[in-house]
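Read the figures in this text as sums done on the coordinates, not as results from a lab. This structure is a prediction, so every number in the text was calculated from the model and none was measured. When we count neighbours, we look across all protein chains shown, and the Cβ atoms used for this are built from the backbone with ideal geometry, even at glycine.
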């Protein structure tokens, strides 16, 4: 009888471990890059926009279709930065994740870019917008290198929890 009880316990523990492993995979956040527009475009943008600054009128409308869905294959590495903003009256516990894209990912993103003017895109994590990122194809004076198509390095912040930032990093880890 004890043998059967041990066997049942062992099987239950193995199953629980498998369920936990699958649950971890299911919890990996979906990370998307989407172009944004200053005005709604029927059939192209979402009907609802998001506020991009303290100005309540600064609303941008993300495209319905992602320009790029990021997975571990599109990201060479991620870096985490701790930001203490308490000097500005904000929290001392803020985190930013920088995503260093592969050349192939940068080329895929550039292929979805139309025109030669500067554009903006947003990073969505599980459907939540994380600000705007400047993107340019043409190198001009004053253009930060990380905004250029060939170097594009988006970041996401400010997470108020290191755990949240680490979940994103884990989802994009090779």
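Annotations
- The chain - share of DSSP beta bridges that are antiparallel (%, nearest 5): 95 percent
- Exposure proxy ranking, count of Cβ atoms within 10 Å, fewest first, for 82, 63: 82, 63
- Largest mean-square fluctuation among 83, 109, 124, in a Gaussian network model of the chain whose springs join Cα atoms under 10 Å apart, belongs to 83.
- Angle between the chain longest axis and helix 162-171 axis [Cα atoms, degrees, rounded to 10]: 90 degrees
- The relative contact order of the range 79-174, computed from alpha carbon pairs under 8 Å that lie at least 6 residues apart in sequence, is 32 percent.
- Compared with the alpha-carbon gap, the fully stretched path from residue 71 to residue 146 is longer by 25.0 nm at 0.36 nm per residue.
- Listed residues 116, 30, 128, most fluctuating in the chain (Gaussian network, C-alpha, under 10 Å): 116
- Using C-alpha pairs below 8 Å separated by at least 6 residues, the relative contact order for the chain is 24 percent.
- Taking the helices alone, the chain has a mean residue ellipticity at 222 nm of -8000 deg cm²/dmol, built from -39,500 (n - 2.57) per DSSP H run of at least 4 residues and averaged over all its residues.
- Of the labelled figures (1) 17.4; (2) 18.4; (3) 18.9, only one reflects Kirkwood radius over Cα pairs in Å as derived from the coordinates, namely (2).
- The relative contact order of the range 28-91, computed from alpha carbon pairs under 8 Å that lie at least 6 residues apart in sequence, is 34 percent.
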